[in-house]
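Taking it in order: structure first as structure tokens, then the write-up.
The values are calculated or read from the model by the stated rules, or taken from the named source; none is laboratory data. Just so it is clear, the model here is predicted, and its values are computed rather than measured. Glycine also receives a Cβ, built like all others from the backbone with ideal geometry; neighbour counts cover every protein chain displayed. We work out accessible area using only protein heavy atoms, side chains counted, and drop any ligands, DNA or RNA first. Shrake-Rupley method; radii C 1.70, N 1.55, O 1.52, S 1.80 Å.
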Amino acid sequence: MSTLPSAADELVDRYPRLDRPALRVNFIASADGAVSVGGLSAGLQGPGDKEVFDTLRMVCDALVVAAGTVRAEGYDALRLTAPARAWRVANGLPEFPLMVIVSGSLDLDPEQLIFSDAPIRPIVLTHRAAPASPIAEVAEVIALGDDRVDLAAGVEALHARGATQLLCEGGPGLLGSMIAADLVDELCLTVAPLLVGGPAGRIAHGPPAPPRRMSLRHALTRDDMLFLRYARG
């Protein structure tokens, strides 16, 4: 097992852009499988986690997040650091990735920084039965599916815009639905050296789905944190 590198270029080598369309998921969990502490993922974070988190955002074309996670975690605008923006431009990418929120209810606050401070207009994926919402004033709303968001169609719509390297940061319900729709190509899982217990959930929950075999691409450590990257075989 190797140590998680600190150099930015070495991190990109460990978490590269792929030469094919891919949906990558990034999650953190405790050693006993808890996805949160006190309802938030912040209590699980440790050495190296932020570097992996930032690298995955830097190399993606679009960041896909469920509305519940946006509300619970208080998401800010998707503004990368100056070095990350420079890396993207040097590699022929737009300065900022797309911000994509999945919401069936459109219960989103237009004043939240993810919208009000966005460097580019976010996209909200919803369904055709969703109620009218003021969020349409600050985001591009795309309705896919009759009474629930058609995630496969959403992925296709993003691919059609040239966003082929997709990153999902949750939450568990969105990941469960993506697994059921057979959309997940990679899982980047950080394991924190904590025993949490209590009522915390796991990283995915949703409709029943057959198990999908994944292959371990790497296992890295730093100060007892464990960084796993799995990919479809």
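A compact table of results
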| quantity | calculated |
| --- | --- |
| Of residues in the stretch 29-63 being within 11 Å of the chain's Cα centre (by Cα) and not in a helix (DSSP H, G or I), the one nearest to ARG232 (Cα to Cα) | CYS60 |
| Pick from the stretch 138-160, criterion within 18 Å of the chain's Cα centre (by Cα) and not small (Gly, Ala, Ser), ranking: farthest from VAL184 (Cα to Cα) | VAL149 |
| Hits in the stretch 44-58 - residues which are of a type outside the set (Asp, Glu), touching a Ser or Thr at 6+ places or on another chain (Cβ under 7 Å) and closer than 25 Å to PRO199 by Cα | LEU44 |
| Number of positions in the stretch 34-65 that are touching a strand residue (DSSP E or B) at 6+ places or on another chain (Cβ under 9 Å) and at positive phi | 1 |
| Inter-residue pairs, beta-carbon under 7 Å, first among the aliphatic types (A, V, I, L, M) and in the stretch 37-54, second open to solvent by 60 Å² or more (accessible area, probe 1.4 Å) and in a loop (DSSP other than H, G, I, E, B), 6+ apart | LEU40/GLU73; LEU44/LEU194 |
| Residue match in the stretch 158-169 (condition: within 21 Å of ILE28 (Cβ to Cβ) and part of a loop (DSSP other than H, G, I, E, B)) | yes |
| Tabulated pairs, the stretch 115-126, first on the phi < 0 side of the Ramachandran plot, second open to solvent by 60 Å² or more (accessible area, probe 1.4 Å) and assigned to a strand (DSSP E or B), C-beta under 9 angstrom, 6+ apart or interchain | ARG121/GLU140; PRO122/GLU140; ILE123/GLU140; VAL124/GLU140 |
| Unmet criterion (only one of (1) modelled with pLDDT of 95 or more; (2) more than 19 Å from ALA22 (Cα to Cα); (3) outside any strand (DSSP E or B)) for LEU226 | (3) |
| The stretch 6-35 residues that are closer than 20 Å to ILE179 by Cα and surrounded by 21 or more Cβ atoms within 10 Å (Cβ to Cβ), paired with ones that are polar (S, T, N, Q) and at pLDDT below 95 (beta carbon under 8 Å, 6 or more apart) | ILE28/SER41; ILE28/GLN45; VAL35/SER41 |
| Residue in the stretch 64-77 that is in a strand (DSSP E or B) and charged (D, E, K, R) present | no |
| Residue check, ARG232 open to solvent by 40 Å² or more (accessible area, probe 1.4 Å) and without any contact (Cβ under 8 Å) to a residue 60 or more places away in the chain | yes |
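Let's see how each residue does on (1) in contact with a strand residue (DSSP E or B) (Cβ under 6 Å, 6 or more places away or on another chain); (2) surrounded by fewer than 20 Cβ atoms within 10 Å (Cβ to Cβ); (3) outside any strand (DSSP E or B):
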{"site": "GLY154", "(1), (2), (3)": "yes, no, yes"}
{"site": "SER177", "(1), (2), (3)": "no, no, yes"}
{"site": "ASP182", "(1), (2), (3)": "no, yes, yes"}
{"site": "CYS188", "(1), (2), (3)": "yes, no, no"}
{"site": "GLY197", "(1), (2), (3)": "no, yes, yes"}
{"site": "ALA200", "(1), (2), (3)": "no, yes, yes"}
